Amino acid sequence: MNAWLWAATVLAVAGLAPCLVVTVRSGALERLVGLELAGVVATVVLLLLAQGFGRSSYVDLALVLALLSFAGSLVFARFLQRWV
Amino acid sequence: MTVRHIIALVLLVAGVTVIVLSCLGVLVVPGAYQKLHFAAPASSLGGVLVGAGLAVEAAVFTSAFKDVFTVLVLAVTGPVVTTATARAVRARDQRQDVQRRDDRPGEDRPGEDRPGEAGPTEGRPTEGRHIEGRHIEGRHIEGRHIEGRHSDDRHSDDRHSDDRHSDDRHSDDRHSDDRHSDDRHSDDRHSDDRHSDDRHSDDRHSDDRHSEPGPG
């Protein structure tokens, strides 16, 4: 296990867990903030896993997640701006 | 190689630290604005630091191209998402303020001294007064169609207008034009005019009388 995989593990545990807690508490927009941050953290975790496993093709997953998380967050934000 | 690896590890640790701290900050801090404030550095600073570590670790730039591109996508889209979410929070807060204000005036509407809504609420009664002043003429002009519509606004005014309407109805035979605002007054004015005409004729007579000795 190299440094990249350790970093990915630390991020997945200490980074995604608070986002998960934020996502299940408080109001809708506070949860949306937690979801956006979780998308960023998951993207970075996938990048680090691809580097740690030495499979550069895994980076595509992180790229797709970054783009789709952006689109999803934007749709959520627009939706909540109108109807919440 | 080792120096580059160390630099890459330093960048990686810095990026991971920033992301973890921002996650903990989002967890701790209350309120949507503060959460957004703590969530912004994760994409724009932590992601960029991790991507820089990956790019430094890769020997050739082309092998880390996708990593750098992904991190750039995160860094570009992060502020956009933050701005959109902040706008949504602002819209929600404004809606809640409007709801609170709508709940409050129902109780103290007779007071009518709210500084926040000074413009519209002060503008409305003056408009109403103007409209009312116009209505007093308008009721006479347009006849009995408006009378039923305005009967629930001010009862005293309607009573007055009814009285005047009865006068109108009596005098409608004579006055078919729209100048009958107050018929009695107008009658008085007519009689005054007639008197003044008489006086003028008297004057004219006196003038005649005065002018008679002139040539004579």
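I'd like the full set of residues that are more than 7 Å from chain B (Cβ to nearest Cβ) and buried (at least 19 other Cβ atoms within 10 Å of the Cβ), limited to region A:65-84.
A:L65, A:S69, A:F76
Residues of region A:47-64 being more than 7 Å from every other protein chain (Cβ to nearest Cβ), free of Cβ contacts under 8 Å to residues at least 40 places away in the same chain and either surrounded by 21 or more Cβ atoms within 10 Å (Cβ to Cβ) or among the polar types (S, T, N, Q) (or both), which ones?
A:A50, A:S57, listed by residue number.
Could you say whether any residue in region B:22-39 is under 16 Å from A:L48 (Cα atoms), free of Cβ contacts under 8 Å to residues at least 40 places away in the same chain and either within 7 Å of chain A (Cβ to nearest Cβ) or among the hydroxyl-bearing types (S, T, Y) (or both)? It would help to see each step written out before you state the result.
If we filter region B:22-39 for residues that are under 16 Å from A:L48 (Cα atoms), which is where we start, we get none.
Checking region B:22-39: not a single residue is under 16 Å from A:L48 (Cα atoms), free of Cβ contacts under 8 Å to residues at least 40 places away in the same chain and either within 7 Å of chain A (Cβ to nearest Cβ) or among the hydroxyl-bearing types (S, T, Y) (or both).
No value in this document is a laboratory result; all are computed from the given coordinates. Values in this document were obtained by computation on a predicted structure and should not be read as measured data. As a convention, Cβ positions derive from the backbone with ideal geometry for all residues, glycine included, and neighbour counts pool all protein chains shown.
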